[in-house]
């Protein structure tokens, strides 16, 4: 039989994991998914994700790929069995065949993250949003977020000493909006650097607290110096919500 490659759409609560990627110092989401697939398919299965999420970061729209030794005859049944096998903080939503060379990471055209902020004590957002008790000027923060479109080099928002070859990214969307009692920062780009979203949000907080001006925000980006930017905000309020791909790699359209 000819092997068949599949994309998986999944969500997870990252609180109990060292991140997406397998590491020697803890349990990773990738590890749990590989174990489940390997057990149910009765042979070693390697899973490749659309990107790395750090320890504590969540996902509502992560995508990963794996190669089955032969086409899966009943995807619905396999999904049901995988969800039964996996812990409650990981859920698979969809699985669909893709072209043989389709790659969850390298074929992604855009990724979208959300960062959640609450400004009051909430038992329902204790581990899912960042609590900021000081008043934030979200209108000014949106003005600063719009300035991100003027730049492509985001070295100032990158974790130091990473193995990436370039710090260039194209930001397509960046905006704060209020959803009931939560303020949500949504940002979309073709790629993200390590720790980039959390560093951007931390610097936007400095704007919103009136500690730096819009001009100083631009100067921080232009400095290409991580030491000039704000602190990284907590990981537990960050979500990977969507990964986009060209339709040409799909053999059938995924369920929306």
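Throughout, read-outs are computed from the coordinates displayed, never taken from laboratory work. All values derive from a computational prediction rather than experimental measurement. Note: ideal-geometry Cβ built from the backbone for every residue, glycine included; neighbour counts use all protein chains shown.
Quick notes on this one:
- The length gained on full extension between residue 52 and residue 124, counted as 0.36 nm times the residue separation minus their Cα-Cα distance, comes to 23.3 nm.
- Gain on full stretching of the segment that runs from residue 251 to residue 85 - 0.36 nm per residue minus C-alpha separation: 57.1 nm
- For the stretch 170-245 versus the stretch 55-90, the gap between their alpha-carbon centres in whole angstrom: 30 Å
- Each helix, a run of at least 4 DSSP H residues, gives -39500 (n - 2.57); summed and divided by the residues of the chain, these come to -7000 deg cm²/dmol at 222 nm.
- Ordered by the count of other Cβ atoms within 10 Å of each Cβ, fewest first, 203, 133 give 133, 203.
- Sorting 212, 220 from the fewest to the most surrounding beta carbons within 10 angstrom yields 212, 220.
- Axis of helix 196-208 versus longest Cα principal axis of the chain: the two differ by about 30°, to the nearest ten degrees.
- With R₀ fixed at 35 Å, the C-beta to C-beta distance from residue 228 to residue 173 puts the FRET efficiency at about 0.90.
- Applying 1/(1 + (r/R0)^6) with R0 = 41 Å to the Cβ-Cβ distance of residue 152 and residue 35 gives a FRET efficiency near 0.55.
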